[in-house]
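Student: Supplied in structure tokens, the structure appears directly below.
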Amino acid sequence: MQGFIKVSNRIFDYNLSSKAIYIYVYLSSKVNCLQYTNATYEDISCACNMDTKTAKTGIDELINKGLVTKQNRFNSRGYLANRYYIKNLITNNLQWFKVDRAVFKTNIKATDFVVFCFISKCMCSKKQEAFPSLSAISLGTGISRGRVSQAVQYLRHFTFINRIRRRYKHTLAFRHNRYMHFKCNVKKGKKRAYTWTVQAKYPNYSYILPYVVLKINTFMLN
């Protein structure tokens with residue numbers, strides 16, 4: 001499962017829940033040249049790390065928004081996997097971001113995945129870095145600010161993204177964080193053997209800043 005998926009920036013304009021966005025991106029990764037794919041609720045729930053009932057609710061939400069059309073299939077023995085036609089939202093080559101297909105082989109949850117997608121949407125195509133605030137991510141995804149903060153911690157811990165804290169030079173007050181992608185390297189011949197390496201290498205001096213501030217304050221007091 002290599003390569004990446006093109007996801008339109010407009011996906012955040014439909015006020016979708018996290019589970020619906022997750023399912024939409026997953027189905028988009030499976031479509032053929034005719035813009036449809038066949039999948040059962042069990043396939044979707046397994047790939048998106050959710051139960052079958054939640055997957056069905058997410059599919060219904062996408063159908064109500066007009067992003068997915070479901071066609072029931074059956075033969076003489078009974079029902080087959082449903083056929084889903086996916087609406088293509090990419091109308092301009094500059095209005096999309098990419099998501100590695102290997103993400104669906106991880107155990108990432110829907111909310112963390114949507115935060116990951118929004119940060120990817122904000123990435124500069126040349127420098128591969130983004131500077132969205134937690135409030136901006138919360139506003140763009142509809143997820144609470146506290147939950148966004150937890151998602152960023154999760155993404156950092158499991159090396160989906162690299163976060164670097166920044167401070168103003170003179171006041172040392174915190175600025176918006178810098179986010180950079182880690183690239184998923186799939187090892188051939190090994191099942192679920194994935195490692196992540198950062199694409200853009202920048203030094204992270206955030207861990208020494210408190211020590212520097214303490215030294216400055218001590219010097220000024222003396």
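The values are calculated or read from the model by the stated rules, or taken from the named source; none is laboratory data. Computed from a prediction, not measured in an experiment: that's the story for all the values here. Cβ placement follows ideal geometry from the backbone for every residue including glycine, while neighbour counts extend to all protein chains displayed. Just so you know, the surface numbers come from the protein's heavy atoms only, side chains and all, with ligands and any DNA or RNA stripped out. Shrake-Rupley method; radii C 1.70, N 1.55, O 1.52, S 1.80 Å.
Student: Apply the Karplus curve 6.51 cos²θ - 1.76 cosθ + 1.60, θ = phi - 60°, to the phi angles in region 101-109 and return the couplings in whole Hz, x for Gly and Pro.
Tutor: Calculated HN-Hα couplings, in order: 4, 5, 4, 6, 9, 9, 9, 5, 8 Hz.
Student: So for each of 54-61, 9-16 I average, over its residues, the number of other beta carbons within 10 Å; can you give me the resulting order with the highest mean first?
Tutor: On the way: 54-61: 19.2, 9-16: 15.4.
Highest-to-lowest ranking by the protection proxy: 54-61, 9-16.
Student: What residue among TYR41, SER149, SER133 has its Cα farthest toward the positive end of the dipole of region 22-167, where the charges are +1 on Lys, Arg and -1 on Asp, Glu, each on the Cβ?
Tutor: Highest projection toward the positive end goes to SER133.
Student: Another question about this same structure. Using a 1.4 Å probe and counting only protein heavy atoms, arrange THR69, THR40 so the residue with the most accessible area comes first.
Tutor: Accessible-area ranking of THR69, THR40, largest first: THR69, THR40.
Student: Shifting gears a bit: Give me the net charge of LYS30's neighbourhood, meaning all other residues with Cβ under 12 Å from the Cβ of LYS30; Lys, Arg count +1, Asp, Glu -1.
Tutor: Neighbourhood net charge equals +1.
Student: Just to be sure I understand the model, the point goes 7 Å from the Cα along the line to the Cβ. What's the resulting ILE90 to LYS56 distance in nm?
Tutor: Between ILE90 and LYS56, the label points sit 3.3 nm apart.
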